[in-house]
Amino acid sequence: METVQHMTIFGTGLLGASIALGLRKAGFSHAITGVGRREVTLDAARQLGCFSDLVLQDDAWDRLADCQLVVLATPLRWFEPLLEKLAAHQHEAMVITDVGSTKRKVCEDAQRLLRMPERFVGSHPMAGGEQHGPAHASAELFRHAPCIITRTDASTASAVALTESLWSTLGMRLSQMTPAEHDQRVATISHLPHAVAVLLVELAVREQSLSVASSGFRDTTRIASGDAQVWTDIFMTNREACMEATDALIAELRDFRDRLDRGDEHAVHDLLHRAKSARDHWAHGG
């Protein structure tokens, strides 16, 4: 980040504002412009004191001439039109990255729309929560969390290095994979769990069980409180991988049902023990 004198963050909600807060806490003192679509969001972001300037999207384009780093932190549905607009203002000193939860589509859109696609590097900081908006932003949101970098064959080494520097400055643990590999993996550990939480709530409502639900159900379904439009975008831009993960889970559920149907206590205990051991190992940093 030493080379960045001016960066622009499109989207001043939870993630965009947390990036700005985290950079300020890490000592980044140069210009951070926040770009939003609504004055009410900009007003809320202004209260945080971490942005040098806050502007509506229509007023942002002329400010990009001296910008070395652009971060797309809007909902996924706005990435494609933003990339199309950015193409006209892209220059050789500008690197573009994003925070999207799916990567194949945004990387394909960047290759198709940008004049210099080699200056785009996909990112997925694995941090956030069911709450949204700048009021819930935190300078610590990204610290110690994983961040997946999805460079393409076109990505230049300098663009990758600057993107990695951004997330390293925020204290993230970095890894690299292809956009397709990313989408397949996060379908299993992020997207499918969200769908399961939603369906558990649906089932509880249908069975009129919510009145007796307690902390276990609350913990298991917490993520179902996530923004419906954000998650619609995620599922629609990662349909194939989510369908494959869903099919795999259906097979596991059928196997579990068969164990119950057979009254196979040993097989049920084996499954529970394996899952507990694997999760405990992961939860303790294994």
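The values are calculated or read from the model by the stated rules, or taken from the named source; none is laboratory data. Since the model is a prediction, treat every value here as computed from it, not as a measurement. Reconstructed Cβ throughout: ideal geometry from the backbone, glycine too, with neighbour counts over all protein chains shown. SASA here: full protein model, heavy atoms, side chains in, ligands and nucleic acids out. Shrake-Rupley method; radii C 1.70, N 1.55, O 1.52, S 1.80 Å.
List of remarks:
- Here 234, 250 are screened, and the one residue that is β-branched (Val, Ile, Thr) and within 14 Å of residue 197 (Cβ to Cβ) is 234.
- Residue in segment 48-99 that is nearest to residue 167 (Cα to Cα), counting only those that are surrounded by 23 or more Cβ atoms within 10 Å (Cβ to Cβ) and of a type in the set (Ser, Thr, Tyr): 97
- Annotation note: of 254, 259, 185, the sole residue that is open to solvent by 80 Å² or more (accessible area, probe 1.4 Å) and more than 25 Å from the chain's Cα centre (by Cα) is 254.
- Taken over segment 167-180, residues that are in contact (Cβ under 8 Å) with a residue 12 or more places away in the chain and either assigned to a helix (DSSP H, G or I) or open to solvent by 60 Å² or more (accessible area, probe 1.4 Å) (or both) amount to 8.
- Filter result (at negative phi and free of Cβ contacts under 8 Å to residues at least 24 places away in the same chain) within segment 9-36: 29
- In segment 154-166, the residues that are among the polar types (S, T, N, Q), open to solvent by 30 Å² or more (accessible area, probe 1.4 Å) and assigned to a loop (DSSP other than H, G, I, E, B): 156
- Positions within segment 197-223 being surrounded by 15 or more Cβ atoms within 10 Å (Cβ to Cβ) and either free of Cβ contacts under 8 Å to residues at least 60 places away in the same chain or within 17 Å of residue 246 (Cα to Cα) (or both), in sequence order: 197, 198, 200, 201, 204, 217, 220, 221
- Any hit, segment 131-153, residues being open to solvent by 10 Å² or more (accessible area, probe 1.4 Å), modelled with pLDDT of 95 or more, part of a loop (DSSP other than H, G, I, E, B) and of a type in the set (Val, Ile, Thr): no
- Criterion violated by residue 99 - all others in (1) in contact with a helix residue (DSSP H, G or I) (Cβ under 6 Å, 6 or more places away or on another chain); (2) more than 25 Å from residue 236 (Cα to Cα); (3) in contact (Cβ under 8 Å) with a residue 60 or more places away in the chain; (4) of a type in the set (Val, Ile, Thr) satisfied: (2)
- Applying the criterion of being part of a helix (DSSP H, G or I) and open to solvent by 50 Å² or more (accessible area, probe 1.4 Å) to the residues of segment 4-42, the residue that is nearest to residue 57 (Cα to Cα) is 39.
- Check on residue 232, open to solvent by 50 Å² or more (accessible area, probe 1.4 Å), in contact (Cβ under 8 Å) with a residue 60 or more places away in the chain and assigned to a helix (DSSP H, G or I): no
- Checked against (1) closer than 25 Å to residue 130 by Cβ; (2) at pLDDT below 95; (3) hydrophobic (A, V, I, L, M, F, W, C); (4) not in a helix (DSSP H, G or I), residue 1 passes all but a single condition, namely (1).
- Extreme residue, nearest to the chain's Cα centre (by Cα), among residues of segment 262-286 that are hydrophobic (A, V, I, L, M, F, W, C) and over 30 Å from residue 129 (Cα atoms): 268
- Which numbered condition residue 67 fails, given (1) assigned to a loop (DSSP other than H, G, I, E, B); (2) closer than 13 Å to residue 133 by Cβ: (2)
- Qualifying positions in segment 262-286 - exposed (fewer than 13 other Cβ atoms within 10 Å of the Cβ) and outside any helix (DSSP H, G or I): 263, 284, 285, 286
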